[in-house]
Structure formats: C-alpha cells, structure tokens
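Heads up: the structure comes next, in structure tokens.
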Amino acid sequence: MKKPTQRVRYSFLKILTGSDLSRRRLPFMAIESGVAGPVVWLTACGHGDEVGGIVVIQELFRRIRRVPLVKGSLYAFPLMNPLGFETTSRHIGLNEEDLNRSFPGSATGSMAERIAAKIAATILETKPMLVLDLHNDWINSVPYTLLDSDPGPEHKRAYATATACAARTGFAVVRDTDKLKTTLSYSLLKQDVASLSIELGESYIVNEENIAYGIRSVWNVLAHVGLVEPSGEAFAYPLPGAVAGRILDYSDKPLSSTSGIVRFLAKPGAVVTKGQAIAKVYNAFGKLQETMAARHDAIVLGYSDSSVAFPGTPVMAFGVVVQ
C-alpha cells in the first residue's frame, strides 16, 4: 500500500482592494499529512508590531517539511495584520482599529471586522480541534501562555481542551481576568473550538531566544494532540517553584497614582510577595513621588513599554498566585 504523501501549500487569501486598486492579501500556509487526524491552526501578527510569532510559524513549517506530520493537518495565517505590520503598528491603518478586538467580525462591518470575519470563517471551515494564536507582549517581558476566562458550561469541552493544551506549552499559564469577548481566541471558544494565546516576549524585534522557546512550546502542543512525534525531552520554561504547575490570574495592578519616571525594583520572571516594593516613581528633579507595592504573591510577567508614568497607568504585569 502506497504511503500517503505530505502536501505543503503556500498561498494567499484576498482581504481587500486598496484605493489604488492594489490587492491586499493574507499569507496562508498549509501542511496536510494525507492521514486522517486533528486539524490545528497557528495564527500570528494580529497586532502589526508583534513579529515573533511569524518567525515561529516559519521555522515550524520548515521543520515539518523535513520531519513530516504523523497525521492530521496544520494550517497557519502567519501575518494577519499586514497593514499594521508595514507601519510597525499594533493597529490597522489610519482608523487604528485593533484586529484582535474585532472578532468574530462582520462581512459588512469596518475594515478590521471584515478581515476578522474572513479569518474566522476560513478557520471554522476546516473544523479545527485547536487554534494557537501567537502574540508578543511588552518590550521587556517573559513568555507565557494566556488562557481566556471560562466561556460558560455550554462550551465546557472546548475550554477543557484549551486548558489541557495550555498546560503542555511549557510556559506559565495565566488566565485572562479582563474577560475580553472580541479576541480571536475567545470568539473561537464561543464557537466550541479550543483556542488559546501564547505570548512570546517582547514586540517589535525578533528575539532569537524567545523564538527558540516558542518553537519548542508549540511542538510540545502539536505532539500532545498527535500531529508530530515528541522531540525527546518535553520543553519547560524555567519557572520558580512558587508558580510552576499553577494557573495564575493576570493583573496589571497596582496602577501608578502619580506622574514621573518609573524605576523598577523587580525583574520579569521574578516572584514577588504581597506588600513587596516593586517600583518607584520619581519626578523631574529626582524626588520620590511614590513607592508601588505588589498586591499579591505573583510572578512578574513584564514591564510597560515606557518608564513614563501618569496617574492611572499600568507599569508592570503579573501572573497572580491564586490562593
């Protein structure tokens, strides 16, 4: 009996026609094993300044062309926001829409809603068992996995699969407490598709260390669902014992209560305890304005993209240890 031949396709999906009549397209990547099995999607660059996920997808596809899938299919949108990418912007074009706040989208809506609708419809047509949405976080941040808040008992199976896959990423698992309803991952959960986000450290540039972490993390998950063979020892990001193996809650509190320059006292990846000083804010003359303290036992996920503080602005992000 002839062994199935793996099929690899790179193509484009039309999204709009510009005012100069040029066609704008989304790159699309596919590897189909020829053997029945689960369908998994990888998506990246929903925010145009988040380039790391693109490279992770490129490298994974390059690897799978050498080491074929065991079964199933792997699809990818590596560059979901080409308009933002070209201007190194989180948003889409002059209207500054956030694509990852525009799902499930609308075929007759705004530009972001139309792109979101095309992405969502294309993904759902393939009946996927899992979607991994790759992101980058603040400039100085550690990689982690972001799990959406529970979408409700009617989507229990999809959420259970997402939670199990999150545990296989090898990163700290942080549950989103903002309950954003219009992200790609949450909108898919509401369609009974397991989905989660992986934050791959800093934005804007390709950090090769974080790329290597991302490749190993996604491979962990692909092996877990049976698409690929495990690659020896499973990847695990080095985490302090106080947070390893837990599902943490996301927090960007405390917020600054004054204006000035932030000087950080705890590094990304470090564990802080409730009441511990985490940052100080100084005015233009170097006078201390406030000392900010941790509200919970937590791991520091990252710093804000600027050391300029204003009242009500976040300066750090945390994965909070849930008691």
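The values are calculated or read from the model by the stated rules, or taken from the named source; none is laboratory data. Predicted model, so just to flag it, every value in this text is computed and none were measured. When we count neighbours, we look across all protein chains shown, and the Cβ atoms used for this are built from the backbone with ideal geometry, even at glycine. Each accessible area value is taken on the protein alone, full model and side chains, heavy atoms only, with ligands, DNA and RNA left out. Shrake-Rupley method; radii C 1.70, N 1.55, O 1.52, S 1.80 Å.
For the cross-link pairs Lys253/Lys287; Lys71/Lys190; Lys190/Lys280; Lys14/Lys127; Lys71/Lys118; Lys71/Lys156, the ones whose C-alpha atoms lie over 30 Å apart are Lys190/Lys280. Each Lys or Arg adds one and each Asp or Glu takes one away; over the other residues whose Cβ falls under 9 Å from the Cβ of Lys280, this sums to 0. Among the trypsin sites (Lys or Arg not before Pro) in region 213-284, those placed in a DSSP loop whose Cβ has at most 15 other Cβ atoms within 10 Å are Lys274.
All distinct Cα pairs of region 48-138 go into the 1/r average, and the inverse of that average, the Kirkwood radius, is 14.4 Å. Relative to one another, the C-alpha centroids of region 149-166 and region 31-107 are positioned 22 Å apart.
Taking every protein chain into account, the accessible area of the chain amounts to 47 square angstrom per residue (probe 1.4 Å). Annotation: amide H of Thr87 has no partner in the under-5 Å range at sequence separation 5 or more or interchain, hydrogens built in the peptide plane. The HN-Hα couplings worked out from phi for region 180-188 by the Karplus form 6.51 cos²θ - 1.76 cosθ + 1.60 (θ = phi - 60°) are 6, 9, 10, 7, 4, 5, 5, 5, 6 Hz, whole numbers, x standing for Gly and Pro. In order along region 46-51, phi translates into HN-Hα couplings of x, 9, x, 8, 9, 8 Hz, rounded to whole numbers, per the Karplus curve 6.51 cos²θ - 1.76 cosθ + 1.60 with θ = phi - 60° and x for Gly and Pro. Across region 213-248, no residue has a backbone nitrogen under 14 Å from the label position 7 Å along the beta-carbon direction of Tyr10. Only protein atoms count toward the accessible area here, which uses a 1.4 Å probe; on region 66-158, the carbon and sulfur part of that area reaches 55 percent.
A quarter of the convex hull surface defined by the alpha-carbon atoms of the chain gives 18.7 nm² as the mean projection.
Applying 0.36 nm per residue to the separation of Thr258 and Ser307 and subtracting their alpha-carbon distance, the gain on full extension is 16.4 nm. How large is the helix-only mean residue ellipticity at 222 nm for the chain, computed as the sum of -39500 (n - 2.57) over DSSP H runs with n ≥ 4, divided by its residue count, in deg cm²/dmol to the nearest 500? Dividing the helical sum by the residues of the chain leaves -6500 deg cm²/dmol.
The DSSP beta bridges internal to the chain are antiparallel in roughly 65% of cases. The phi torsions of region 74-89, fed into the Karplus equation with coefficients 6.51, -1.76 and 1.60 and a -60° offset, translate into couplings of 10, 10, 8, 10, x, 9, 7, 10, x, 5, x, 4, 5, 10, 6, 10 Hz, rounded to whole numbers, with Gly and Pro shown as x.
Could you give the angle, 0 to 90 degrees to the nearest 10, between helix 208-224's Cα long axis and the longest principal axis of the Cα atoms of the chain? Helix 208-224 sits at roughly 50 degrees to that axis. Here the accessible area of region 236-288 is 56 percent carbon and sulfur, with a 1.4 angstrom probe and all protein chains present. Computed extension gain for Thr108 through Glu208, at 0.36 nm per residue and net of the alpha carbon distance, reaches 32.0 nm. Of the GluC sites (Glu not before Pro) found in region 185-278, those in coil by DSSP whose Cβ has at most 16 other Cβ atoms within 10 Å are Glu233. Restricting the calculation to Cα atoms, region 173-314 shows an Rg/Rh of 1.03 when the hydrodynamic-style radius is the Kirkwood one. Amide H contacts for Met292 (H built 1.01 Å from N in the peptide plane; partners 5 or more residues away or on another chain; cut-off under 5 Å): Ile278, Ala279, Lys280, Val281. Magnitude of the charge dipole for the chain, about its Cα centre and with charges confined to Cβ atoms of Lys, Arg (+1) and Asp, Glu (-1), is about 840 debye. Relative to the globular-protein estimate of 2.2 N^0.38 Å, the Cα radius of gyration of region 204-267 stands at 1.63.
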